[in-house]
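Comments concern the structure below.
The values are calculated or read from the model by the stated rules, or taken from the named source; none is laboratory data. Nothing here was measured: the structure is a model prediction, and the numbers come from that model. Cβ atoms come from the backbone with ideal geometry, glycine included; neighbour counts cover every protein chain shown. These accessible areas exclude ligands, DNA and RNA; they are computed on the full protein's heavy atoms, side chains included. Shrake-Rupley method; radii C 1.70, N 1.55, O 1.52, S 1.80 Å.
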Amino acid sequence: MSSDAPLKDKLHEHRIECPMGSAKFIVPECAQKSLINESVVESAIRSEHPDINDTELADYVQNICQDARRLFTTLAYMRKEGEICRFVRDGVTDDDLPLQRKFDNGNDYTQWRLEGKNGKRIEALESWKTRHREKFSNTQCLMTSPVFEPGKHYELDNSIILPFIAFTHEEGKELEFRGGGYSEVLIKCIHPSHHTFWERSTSTENRLVAVKKLISPNENEFRKEEKILTRLGPMNHPNLIRLLATFRQENKWHLIFPYADANLLKYWEHKEPIPNFDETTVLWSLKQMYGIADGLRLIHNFNVNGTAPVEGTDQVWGQGEAVRLTVQPGEEKYGRHGDMKPENILWFKDDPESHDPNGVLKIADFGLGRFHGRDSRSQVNPRSVCWSPTYEPPELKLGTPVSRAYDFWSLGGLYLEYISWLLGGWAAVIGFSNRRALESAGAPHFSDDNYFSITSGEEQVAHVRDGVKAWVKELHQHEKCSALLHDFLELIMEKMLVIDSKKRIKAADLQKRMKDFVRKAEEDKKYLLEPKPWPKDATSDRYNSPIPSHEKPKRTNPKRLNVTFNPETTTHPSNRPLTPSPTRSPTWPIT
């Protein structure tokens, strides 16, 4: 377009439809700054006020370019840029945008005016005809899309158009994920000039974000998650998800997170279904598991004082039955995750804050007052929420108080799956799930893959499933099992998958043990990789229990393959692809 073209035409040329097909447009911030400079503003004012003195003109130009560029751009789009001085004299700035309609005569919707922030009257508009005020009201939406900054919250008028632009995923289509009954998550691309989340570079210009919209309009639900994310964020822990910004629009609370390339379950299944058992892979995995333990330590040490209160009891739901959850005295003071599972561990291939070529794993979906993935929340029907009890410890079913130790049972199960993947790939993860599978009482067509069972009788007693013990023994016997993995498996079985929650390892102790593993593995490559499998006839009181016939894996779905992990080989069945257990519903890759 010619440099002599009217300013309105230049602005129109730079419009972007957000989102594509919506017939809603914005003039992005970069275009406004490029087109609206001091020279353009000065020319517009002199055109309208030829007799203005140089000092007054300079003051107007400075004020407009600093505080009212969007206001000037809106007027320019209407070919009324020469009237900007009247608005400046009324004290109108970009902070007042969007101007709000105010109706003066009750139900007479033909009589209205536009007001600034806090009801500010704008004399410059008093003489405008209704159709011109209406045009301003509509035009300002093109210029007022927010520029998101890290750590800030935005209260957005319903008329604001969000700067979410079209993008094409590497697989050739746009992505959109829905969450459960508590939130929905949309994968978006924010226009590069409408955020300052990362330093500008070729690799970050079109990075995706995950926008989590809470279903409940209750502010307390938003604060529970926002507070801990905001207060842990400055610690810059590489293995904790970072909250980028928040906003409220149409009475819905939104949280913006970095977009993850996959959750851990999807990473195992699709990114690295058959991992290399080498120094790079095993050491990276060990460091990531250490980072997860260290991140969980920060969450557990988080003091909830000054945040939304954590209730001592809560009603939760499991397979249609309400259960009263109780919290151990004193535990109300601390943060905890409550839903540690591979789906809530996110993998970032190219994290701007991490320079590891293998990427980084981050804990996501942590908040306050939540001990598991099926807590009750306002305006949500718990029966409609899809949940997986796979990593849930025995406390809930036994009716005993829960504590931060809840997380270490869940993390122990996650770690066992991680070691299974290291030794046998995705097939081993599925094989382990099948090994744990049981026909649930009263539901002959529903199979779960919990890590424990409850004995029936007058007094309920929980025990680690024999299938788990047998599987761990096979891991010890695997031809690649190194001294590191032997030590790791012992830690899991003796300190994490422990029925008595009071005897489980504490956060600081786990962090220290994992740090020792990393240090020793870095210093001694034989400790990390040299095979030291148990002999096949080895016995152990802990791992030698037989698998009762009723616990042997059963085919519960015609589409589900029963894959047995064979410690004698590292190859995978040819009859892939495999699917997770029906009780394990992979979720979207952010919270």
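Between the listed residues Ala31, Pro50, Leu7, the Cα displaced farthest toward the positive end of the dipole of the stretch 1-57, a dipole computed from Cβ unit charges relative to the Cα centre, is found at Ala31. Site pair Ser43 and Glu353 shows an inter-label distance of 4.5 nm when each label is modelled 7 Å from Cα along Cα→Cβ.
Shown is the FRET efficiency for Lys135 and Asp54, computed with R0 = 22 Å from the Cβ-Cβ distance and rounded to the nearest 0.05: 0.10. Among 213-220, 483-490, the peptide with the highest mean count of other Cβ atoms within 10 Å heads the list, and the full ranking is 483-490, 213-220. The stretch between Leu398 and Phe103, if pulled fully straight at 0.36 nm per residue, gains 100.2 nm over its current Cα-Cα span. A Förster radius of 45 Å, combined with the Cβ-Cβ distance separating Thr281 from Val461, puts the computed FRET efficiency at roughly 0.70.
Ranked by the mean number of other Cβ atoms within 10 Å of their residues, highest first, the peptides 50-61, 230-241, 449-460 come out as 230-241, 449-460, 50-61.
For the stretch 128-164 versus the stretch 508-538, the spacing of their alpha-carbon centroids is 57 Å. Amide H to amide H distances under 5 Å link Cys481 with Lys532, where only residues 5 or more positions off or on other chains count and H is placed in the peptide plane.
Accessible-area rank, largest first, for Arg121, Arg242: Arg121, Arg242, with all protein chains present and a 1.4 angstrom probe.
Of Lys227, Lys473, the order by accessible heavy-atom surface (1.4 Å probe, DNA, RNA and ligands excluded), from most exposed downward, is Lys227, Lys473. Residue by residue, the stretch 476-491 carries 3J(HN,Hα) couplings of 4, 8, 4, 4, 9, 5, 9, 4, 4, 5, 4, 5, 5, 5, 4, 4 Hz when phi is fed to the Karplus relation 6.51 cos²θ - 1.76 cosθ + 1.60 (θ = phi - 60°); x denotes Gly or Pro.
The residues of the stretch 1-123 have, on average, 55 Å² of accessible surface per residue, using a 1.4 Å probe with all protein chains present. For the stretch 209-260, the solvent-accessible area of protein heavy atoms averages 35 Å² per residue (probe radius 1.4 Å; ligands and nucleic acids excluded).
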